[in-house]
Amino acid sequence: KLLGISKRGNGYLRRMLIHGARAALPSLAKGRTLLGEWLRGLLARTHINTAVVALAAKMARIIWAVLRSGRPFQVEAMPSAG
């Protein structure tokens, strides 16, 4: 079950994550990455606003992991089927 972004914490940061997810969703959903595949499946099952909040929550987890590890984020391409 998709939960959402918690109401705790910094409201400004939460708002910026939602706006960033809304802006990035169209281009990310077209990409041939694991994230793009996940987004296309999510958009097929849910309303676009639910997908935006889910993407914002995923972005928050990615940001936290990158800050915690100190390594750069790398998008993995989908393996080719041929």
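Quick one: count up the residues across segment 36-80 that are modelled with pLDDT of 90 or more, of a type in the set (A, V, I, L, M, F, W, C) and exposed (fewer than 10 other Cβ atoms within 10 Å of the Cβ).
2
For residues that are farther than 20 Å from residue 73 by Cβ and in contact (Cβ under 8 Å) with a residue 40 or more places away in the chain, tally how many sit in segment 43-63.
Counting residues in segment 43-63 that are farther than 20 Å from residue 73 by Cβ and in contact (Cβ under 8 Å) with a residue 40 or more places away in the chain gives 3.
The values are calculated or read from the model by the stated rules, or taken from the named source; none is laboratory data. Predicted model, so just to flag it, every value in this text is computed and none were measured. We place every Cβ from the backbone using ideal geometry, glycine too, and count neighbours over all the protein chains shown.
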